[in-house]
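**Q** One structure follows; several queries about it will come next.
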Amino acid sequence: MDENKYESTVSASKEESLLKALEIFEAEQSKKEITRPELNTKRILLVFFGWLVSYALICTAVFAIGNELRISGWISAAVVFILLLAILIPNAKKLIRNSVLLYQKYAPEKVRASCLFTPSCSEYMLLAVEKHGVIKGVSMGIKRLLRCHHPNGGIDYP
């Protein structure tokens, strides 16, 4: 990259300098190549809604059985929460991965191209979850998203 590209933006007024620099920056951002992952979106959504419907049916059954056996609502709620964890924990990595891939496929190009880092923030999230696991990986990905603004940027791998 040309390190002196912003020298031509120096003007008498601060506003004019900023406008020129912004034009250069926006031109660079539009040059970023965006890759869209190949996904079977219908399958991903069917699996997600399958989990959702299964969980809704389980919740309904637990509360119905709890009412029949005159079990406290708090105990039924605790059982439902434990079942939620039992469903989510083994599938958390897939859920996060598919969510990020759906974002990469359908997010507007302008949003995807605005990332200041290499790899992009969404790619970083995928790498962090794969390398460090769901809890630490998602935490790292969120921290990275919070850093994705000027003057930050550059090459940053998890």
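**Q** Just from the alpha-carbon atoms, what are the Rg and Dmax of the chain in angstroms?
**A** Expressed in Å, the Cα Rg and Dmax of the chain come to 23.1, 80.
**Q** Quote the FRET efficiency, to the nearest 0.05, computed for His150 versus Ile34 with a Förster distance R0 of 30 Å and r equal to the Cβ-Cβ distance.
**A** 0.90
**Q** By average Cβ neighbour count within 10 Å, what is the ranking of 61-67, 105-111, 150-156 from highest down?
**A** Per-residue mean Cβ counts within 10 Å order the peptides as 61-67, 105-111, 150-156.
**Q** Run lengths n ≥ 4 of DSSP H only: what is the helix-derived mean residue ellipticity at 222 nm for the chain, with -39500 (n - 2.57) per run over all residues, to the nearest 500?
**A** -24000 deg cm²/dmol
**Q** Rank Ala64, Cys115, Gly50 by how far each Cα sits towards the positive end of the charge dipole of the chain (+1 on Lys, Arg Cβ; -1 on Asp, Glu Cβ) and give me just the farthest.
**A** Result: Ala64.
**Q** Right, something else. In the stretch 51-94, if every C-alpha pair distance is counted and binned at 5 Å from zero, what percent goes to each bin?
**A** All Cα pairs considered, the percentages come to 5, 24, 29, 21, 12, 6, 3, 1.
**Q** Whole number in Å², please: accessible area per residue of the chain, 1.4 Å probe, ligands, DNA and RNA not counted.
**A** Ligands and nucleic acids excluded, the result is 72 Å² per residue.
**Q** Across the stretch 29-104, how large is the tail of the calculated P(r) beyond 16 Å, expressed as a percent of all Cα pairs?
**A** So the portion of pairs separated by more than 16 Å is 62 percent.
**Q** Report, to the nearest whole %, how much of the accessible area of the stretch 95-158 belongs to carbon and sulfur atoms, 1.4 Å probe, protein only.
**A** That fraction is 63 percent.
**Q** To the nearest 20 debye, what is the magnitude of the charge dipole of the chain about its Cα centre, counting +1 on the Cβ of each Lys and Arg and -1 on the Cβ of each Asp and Glu?
**A** Approximately 740 debye in magnitude.
The values are calculated or read from the model by the stated rules, or taken from the named source; none is laboratory data. What you are looking at is a predicted structure, and each value in this text was computed from that prediction instead of being measured. Virtual Cβ from ideal backbone geometry, glycine too; neighbours counted across all protein chains shown. Heavy atoms of the whole protein, side chains included, go into the accessibility calculation; ligands, DNA and RNA do not. Shrake-Rupley method; radii C 1.70, N 1.55, O 1.52, S 1.80 Å.
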